[in-house]
Each structure stands twice: as structure tokens, then as C-alpha cells.
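In what follows, a structure is listed as C-alpha cells, so that the remarks can point back to it.
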Amino acid sequence: MNILFRQQEQTRTNRSDNKNILFRQQEQTVQTTEQTTTRTKRSNTRTYRSDNKNKPFRQQEHTVQTTRTYRSDNKNIPFRQQEQTVQTTRTYCSDNKNKQFKQFKQQEQTVQTTRTKRSERSTYVEHCGATLFAKSQIEAYQSELLSNLYGNPHSRSQSSTLSTEVTDNIRYRVLRHFNTTDDEYSVIFTSNCTGALKLIAEHFNFNNQSNEERPEGSQVTDNRKYGCFCYLLDNHTSVQGMRGAIQDEVCSILCLDEKDLETQEISKSGVIFQQPNKYESGNCLFAFPAQSNFSGRKYPLSWVERLRRSEFPFQNQFPGRWYSVLDAAAYVSTSPLDLDLHKPDFVTLSFYKMMGFPTSLGCLLVRNEVGHLLQKKYFGGGSVSASSATDMYAQFRKSLSDRFEDGTIPFLEIMSLRHGFDTLERLGGGMRAISSHTFSLSRYFYHLLSRLTHGNGQSLAVIYSGTDYTNGDTQGAVVNLNLRRANGDYIGFAEVDKMAQLYNIHLRTGCFCNIGSCQKYLGLTSQQIKNNFQAGHVCGDDRDVINGKPTGSVRVSFGYMSTVQDVHQCLRFITECFLEGTALKQDYHTFIQSLCEDITSHQDVCDKLDEKAQENDDGKSVMFNHLTSNNLSQIEKQPIEQRANVQVPNLIASHQKSVAMETESVILSCDKDTRFLTDICIYPVKSCAAFKVSSWEIGPTGLLYDRRWMVVSHLGVAISQKREPLMCMIKPKLDLMSHTLTLTYKDMEPLTLPIDVDITGDVRRNDSTAVCSSKVCGDRIQGIDCGEKAAEWLSQALQRPGCRLIQQDTASHRKTKLADSGVNTKDSVHQGISLANESQYLLVTRSSMEKLKQKIQEGTCNGQQGQEDVELENLVSRFRGNLVIGGGLSLEEDSWSEIQIGAHTFMSQGGCSRCQMICLDQENGTRSKEPLRTLAVWRGRKVTFGIHIRNKEYIKGTLLRIGDPVHVIRTNSEQ
């Protein structure tokens, strides 16, 4: 017998780095004998993956047993390992009229041996933005790809024919999911829902005359505009953006609120665009969401039929043939869409919102009767039946799918949809079960949240919804809210987001790409939006409250794998961080806990809460501190040192001890009227430990060599303590005499590197030093790789393969974006910065630290659950300031505009907004909730503490010394 093709294929050459794992390590090797005979028989013996009777093409494929992609905390939590199969005894509505729930007690199951580590450590409530995919879903998809040979569908080979057949089956599966057939609708695959909306905007024909497709090259002589484009105020930005492509094609563009649809005469404010010529009746489009991605409000799908019959009063003012565009992206993620019952003309959606994967695929469903209204001009590969390169001749394909899917479709991604639909049915129980389950969770959360009040009776939450969560047909699995303090002031969404991260809760804040709903629910006018923009506020930033009014909100949304635990964790987070007032008696906590353990219906919960509130005669606020206390994940108490088997070396302890003694002596000289510089801290490697010195030179971007290096992952992404707490235990030492940087970690051998890496000099070893790029706070920076030795040392210390040490290229310049305190932005001086996040220096004061410590202790004495006492020096180290000032009054630095330290003058650039990194003990890497929780309650808004400062003027050779006097030259009130 001849040797089978590829039976033992030759082991491939190692890639550029021989230390990497071979991608196909155990590939079959080709025997070298009888090569000529083997080649001539390849075509006969080739084993197609599509033929299950033959041997697989990669029979001996090495199974890369993925000790799966570690989550950002890198605590060896397998990504999606043991995915929770939400076979909950879901909370079905027993009767659509009374909406009482038969059963709410969740019977959490685990198809695999343990509950997902991700689920235990994280609370994911952003399913409206993107739901999660299941482990089994991805494994099934991977298995299909490895078991079949798929080729480009535009070819005629067996592999290509297989791709075409499978893709056609997927189209049928999509239509079946929405209870329709290809007799009614065509499926056009797009990049996402936005791509589908863009396709409509660019190709819809508003002309009411002949809709027959014009031959290519024919001239258009009618320059008149026809018809109208109307969209609901509560619509995604992608719908709003259609007007840009449509503006030159229509007579009028309308933006209407729900109540305006029943208005006979649309006001001028509703007509946002009007052509100067007379309105011409034509084809008209009305776009609305099946479900608001802002509030979860479900709009009546019966509008489709009413629109088609011209039953809306506003249609009399704008006559024509009206067609509907249904944005179903948010709706279909948790609700069944029946296109046999309601038949919109165009339906747009994204599949990742339904099944989590793939993220690059959506579709446009076109009712076949109106397909002729989409007029094409451009054509790409596969979309024409015939064309001539030397003549203006082209004939589009008859099928809508073929005509509008230009080029090769993402056929491999399309094949993953089958496994996504299978997962929704297998794990979710089908869309009706998913809808009932997710609505029950949102209703439960809504009822409990809406009853939370501060000690003075002020409601904690403002909930934005057009419904009261009594009917799943009108409300989706979304709760949109803002929080208020006891005095009625709004708590900015950026502050809420920061505290949510501390509790490892993943939610969404902002306007969710739905500015219309933000305007509607938050009371923002167009002029206010313009003013906010002029003031520097843009979509996606953290300017959450301007002039006392919120610019966005907080969204909590549930998916088919969500559980009642997610509700409890969100409630616990909100009450512990933002509810003000004295805690209730222990028996009330016991009542709440027992209530959550035996729930029969949401209404029962609300009734019992109301009854108990009446019995609570002391009028104290509702607290849920003990809600599901036995099930919620606990903050890790063990130091990170226990993750390694080595001790911290003592190489630089003596130096640090001498500096500490000097600091202590200076502190004794400080009082409320006398300020001195007590600490100088350099952080040579971004996010690693501090290097404390008694004196140091000032550089053009801050302290010399401060944040000059950073650590990046194998993906080239900067690693911080947020992702890897072990970084705080890597201790640096700078030696300006020998021009070296030394890193130490426990009892590992120290790593010593030259301070200045010259990519053209002797430092280049085996071409391992190279220029590379990464990002710091959105800025693209150029860096120099410090070589393999540093990479191996860091990878071992952090227990993360592929780490690299990058030094900032001095030729790569960054500038601070911060404005000087009390100065107009245009008048500010934007000086250069290193790899620091925002500024040249970060300054904190000991008097403010002492006040914060007092606040933490007060919380502990008042019995607030989970408060921890923190030593003052430990607290100072957590805020990672460059300059620490002793003496003065607490928080007086907030008002500083210009200060002098020693002989050097600095300009203030405002407060430093804090995140969860201050909750990391810099000695052992242990996480806690303090001091961020207390700081958020005390400081509010942006949770600022400490200030950013910059050099007023850089003079080379200037030194700062511990003990330098500190003088306030000017405050903000003196500007």
C-alpha cells in the first residue's frame, strides 16, 4: 500500500521564537520515501473533512488543552469554564391578565461540576449591550470547523458547495426562529444592526413613480424630492444617523415622541428638516424600536399594521406610501419576535445581542413584497449575474440576499449561528421562557429598588420607564436609573460605575447611544446638549452631572443566564455604597434574608415589604446588607504572597528605612499652619511599587524617570494593578550613578537594566530590542522593548507568559489634557508627560489622609457592614502620590491654584478622580472595599482625592528634598 496523504505530516518549523508552543505540534509527518508516487496519488487519496467516512484531514491534530484565557484578575479563573446552564425553574406568568407568578424560587443547576468561577466573582448585568456566550456553544462551533472543510461560497468545489448549502440552511434557521419563511422574507447578512440600517438608508427609493430598477448608466432627470422619513424620539443613534444619508432624497424628516403619533398637526419642533419646495407625496419610512435600549419599554408591534393602513393622524399631514423599519436589536435578545403575526417591511438586528457570538454579524430581514424599493448602484463580487469591464453594463442578481451581500460573506461566522440558536433552546428553554425569566428578574429588581429610601425619606433611585413593570408585553428586562443623595443631589453615573467595578459588577452607564431617550427622560434640551459640548462634554466621557443635572444614567439589564443572585448583588452594592441613614434592626435584616429564601411571587415580595415598612415605626431606611450573605462572593482576605513560594528580598530595605526615618522627623515639624514636603515617591515602572527618595531631580515631564517604563501583555496591552495586583510587589530602584534600573521581587534574582536604552547601540541583543507601540489612557505611545531577559523575568514574577517591559521612547511625546485649575481651557499650558495617566505629578496631603481615616473609622463604629480600618501610612501608599505634604488643613489642596515647594513652583490642574486601585494594599496586594467606598460617600461626584500639578517652569537641575517648605501662592478664589 502506498503511504496515505499527510498520514504523518512533517512537524512544522518553529515560528520566529522557538520558545513558543507549536500551533500544530503533533501534525502528521510526510514520509520521505517514494515521494514521486505519493504526489501522483494525492488527488485520489485526499481525505475531505466533509466526508465523515474518511479519516479526518487533521486526524492527529494536537488538542491544545486550553487552560483557558485568564480573566483580567488572572487568578487562574478559567474563562467560561463550567458555564452555568440556566435550567432555572423559570418564573412563568400563569395568566397574562393578572401576571402573578407561579414560582420564583430559583433552582440553580449546574450541568457541569461547579458553578462558573466567572459567575461567582462577577455580576454581569449588561445583556442589553451584549449577552454572554456559552462554553458549550463555542465548543460545538469549534468542533464543526475542525470536522469539515469549508471553502469560499463563490466557488464550485465540494468545500465551497458545502459552505453555500450550510449558509442557506442558516438563513432558513433565522427565518424559522422568527416564525416566518422565505416566501415572506429574505435574509441579508450585514456586519451588525447598524450595517442593516445603513443599507436601508443608502438604498431605499422614496420616489413614488416607477420602482423598476434602472439599467446601469441611465441618467436621472427628475431632481424633485419625494416622501418623508420619520423616526421615534426613543431610537438608537444608528436610526437617527439614517437621516444623514436620506436628507437629500426626501421632502421632510420628522422626529416624533410616542404621543405625537396621534397628533393631527405636527409642530415645527417635530419637523427637524424640510426642503424649501412643496411637499411631494412619495414612499415614506417610519423607524421605531421594538424595545427601547434605554428604558426597556416595548412599543406596540401593531403599529406596523396601523402605519400600513395610514391610521396614524400625523400621516394625513405627510401623505404617501408608508413603510416600517423595525429596530429589533434590543427586543430579540430576550423576547420572541413573531413575523407571522406582525410583518414589518424591514427588520434589523445583531446576533451577538441574542447569543453572545459572533460579534461581527447582523442581518436585515426584508419583506419580499417591498424588496424592489431597495435600489442598488454599487456592485461587488457575487452580487451581479453579468457585467462588462469595457461597457457600462451590469445585471444584478435576482435574489435580494445575493444582490446586497457584496463580496464574500463571513461564511464561517454565519455557521456559528446554528449553535447559538441551539443554545438558546437547550439552555434558555426557548425565547418565551427566556422572556418570562428575564422579565421576572427585572420586575423583582424594580420593585425592591423603587422602595429604597434614605433615612430622611428621600427616594434613593429615580427609575426611567414608561411602565410599572406589571406586564412583560410592554416592558423588557431593563431597569434604567439614576441615584440621588439624601439631600436630593444626583449621584453621577461615573461615580456609580467606579463603585460597581469595586464590587465586580458589570453594568452600563451614559446615554447608551440613545440621545433621544436621554433628552426625554433627563429633560435635556438641544441647547443644553450643545452647551454641554461646548463645555467639553462628549459621548463616552465621565462628565456625568453638569449644573446639577445628569448627562446620562445607569442601566441594568438581564439575560437568559442571569439569576436572582445578580439582582441581590446589585441591590447589595447600591445600598452599601449609596444609601444614607442608620441601619435597621437586626430582625429586619433577618426578615429580608428569609424573604429572599422563599419567594413565591414578586407581588408577595412587594406586599410583605409594604407591610413590614408599616410595622417599622422608627422610620429608618430600608437596608439590604444581609441580602444573600451566604451566597455572595467574599473579598479575598489572603495576601497575594501566598500565590508564590518565595519571600520578598531585602535588597533595598535599608535605603527605604533611612528615607522613612527622615520622613518621620519632618512630620513632627508640621502643623495646621506649617506645611513641609514629607515624601517623594517615584514610580519608574508604571503600576509597580514606589521608590522613595530623600531628594530627587525634576524633569521636563515630572520627577526624573517617573513612569518611564510599563509592562505590557502578550497582546501589547498595558498591564496595571487593576488586572494584576502582583505588580505592587515588584520593587524598583534607580541608581543614577551607574544609570541602572533594578527590579526585585521576593527571592527572585534581581533584574538590572540600563536606564537609557539605545536601539542603535550595544543593548540590541539578537535584535530583541525593537521599537513598538501601545496605548496609555487613549494616547498612542512609541516604546522600546527592553529585551528577552526582562520579558522572562516579568513573566515569571507575574505568573503571566508573554509579558514585556517597554521603555518610553524619548522621541515620542505626550501632553497632558488637563486644564490649569481656575483657568480657561484655551489659556492652559499643556506640558509633556511620561507614561503617567494624566499629569506630571500627583500630590496628596497627610491632613486629608487623616480625615479620610477618621471617616473610615466612623463608618466602622456606626456598624456599617464590611468597613475596614486602615493604618495611615498604608492609606498614604494606596493613593500612589508623587509628592506628599504634611501639615495644613484637610482638603485645602482642592482650592490651590499655584504652590511653591522649596524653590520650585507648581500649577494645580484640579482634583484626581479615583478608581478601585486605591483599594489595593500596596504591601501584599490584598483587595478590599476601602477606602473607595467611604471616599465615594464622603466626596461624591468624581470621587476626587489629591490634585494633579505641573511644572510652572522647568529648570534643569532643580531638586526637591524632603523637608522643603510648602507655600500656597494663589488659590482658585484669588484668580
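The values are calculated or read from the model by the stated rules, or taken from the named source; none is laboratory data. Just so it is clear, the structure is predicted and the values come from calculations on it, not from any experiment. We place every Cβ from the backbone using ideal geometry, glycine too, and count neighbours over all the protein chains shown. Calculation scope for accessible area: heavy atoms of the full protein, side chains included, ligands and nucleic acids excluded. Shrake-Rupley method; radii C 1.70, N 1.55, O 1.52, S 1.80 Å.
Before moving on, here are some points about what is shown:
- Inter-part distance where the range 905-975 and the range 494-546 are each reduced to a Cα centre, Å: 25 Å
- Listed residues GLY476, PHE379, HIS454: farthest to the positive end of the dipole of the range 365-484 (Cβ charges): HIS454
- Note: relative contact order over the range 374-528, using C-alpha pairs below 8 Å and six or more positions apart, is 12 percent.
- Relative to the current alpha-carbon distance between LYS268 and SER388, full extension at 0.36 nm per residue lengthens the span by 38.3 nm.
- Relative contact order of the range 246-370: 21 percent, from C-alpha pairs under 8 Å at least 6 residues apart in sequence.
- With all protein chains modelled, accessible area of HIS154 [1.4 Å, Å²]: 110 Å²
- Exposure rank, largest accessible area first [VAL968, VAL829; 1.4 Å]: VAL829, VAL968
- Residue ranking by accessible heavy-atom surface, 1.4 Å probe, largest first, among GLU165, GLU126 comes out as GLU165, GLU126.
- Area accessible to solvent at GLU265, 1.4 Å probe radius, in Å²: 130 Å²
- Burial ranking of peptide ranges 507-517, 675-685, 730-740, 523-533 (average Cβ count within 10 Å, highest at the top): 675-685, 507-517, 730-740, 523-533
- For the range 286-393: rounded, prolate or oblate by the Cα gyration tensor [a/c cutoff 1.5]: oblate
- The gain in end-to-end length when the THR359 to HIS447 segment is fully stretched comes to 28.4 nm, 0.36 nm per residue minus the alpha carbon separation.
- Cut-off under 5 Å, modelled amide H: who pairs with PHE273 long-range: ILE253
- Apportionment of accessible area to carbon and sulfur, the range 849-975, percent (1.4 Å): 48 percent
- By a 1.4 Å probe calculation restricted to protein chains, THR563 has an accessible surface near 0 Å², given to the nearest 10.
- Cα gyration tensor, the range 529-586 - rounded (a/c under 1.5), prolate or oblate: oblate
- Accessible surface ranking that places the most exposed of GLU664, GLU413 first, with a 1.4 angstrom probe: GLU664, GLU413
- Our summary gives the range 340-391 a relative contact order of 28 percent, counting only alpha carbon pairs under 8 angstrom and 6 or more residues apart.
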